[in-house]
Amino acid sequence: MLSEEKNIVRLKRMRAKILEMAKAKQKAYEYFQDNDGDMSGYSGSTLVFDNENQMTAGADDVLNSIYTADAYTDFSDKEFTDYFKNATEDEQAWILQNAKDIPQIKIGEEE
């Protein structure tokens, strides 16, 4: 389990990302209202995804704002393995995508 301090840092990053997304949505709404329902020329983020790749990239951006490799630095190999087994599916996927940055994951190394 992550320490309280690391969870607080994680929650602060998550809160900042949610606020950033809410502000982007508000700016898009205001542009829409100010331009009689026309979004032509709007250059800000709309948080609307045109395809699966954009949706995946958006989800990855959110996860990257929450999870960081340094959150696992205090874990022994066994503690990390146990933590990984109990992590959410999203966190497990993030860990695997960022395995090169996590010292407890030894890629291409023999025991």
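Values quoted throughout were computed directly from the atomic coordinates according to the rules given, and no laboratory measurement underlies them. All of these numbers come straight from a predicted model, not from anything done at the bench. As a convention, Cβ positions derive from the backbone with ideal geometry for all residues, glycine included, and neighbour counts pool all protein chains shown.
Taking residues in the stretch 27-41 that are touching a residue at least 40 places away in the same chain (Cβ under 8 Å), and partners anywhere that are in a helix (DSSP H, G or I) and not aromatic (Phe, Trp, Tyr), not one pair has Cβ atoms closer than 9 Å while being at least 6 places apart or on different chains.
Entry remark, the stretch 44-59: residues being of a type in the set (Val, Ile, Thr) and either surrounded by fewer than 11 Cβ atoms within 10 Å (Cβ to Cβ) or free of Cβ contacts under 8 Å to residues at least 12 places away in the same chain (or both) number 2 in total. Of all the residues in the stretch 60-111, those that are hydrophobic (A, V, I, L, M, F, W, C), surrounded by 12 or more Cβ atoms within 10 Å (Cβ to Cβ) and either in contact (Cβ under 8 Å) with a residue 60 or more places away in the chain or not in a loop (DSSP other than H, G, I, E, B) (or both) number 11. For the stretch 1-20, the set of residues classified as of a type outside the set (A, V, I, L, M), assigned to a helix (DSSP H, G or I) and surrounded by 10 or more Cβ atoms within 10 Å (Cβ to Cβ) consists of Lys6, Asn7, Arg10, Lys12, Arg13, Arg15, Lys17, Glu20, listed by residue number. So in the stretch 21-43, with the set limited to residues that are under 21 Å from the mean Cα position of the chain (by Cα) and surrounded by 14 or more Cβ atoms within 10 Å (Cβ to Cβ), which one is nearest to Ser65 (Cα to Cα)? It comes out as Met21.
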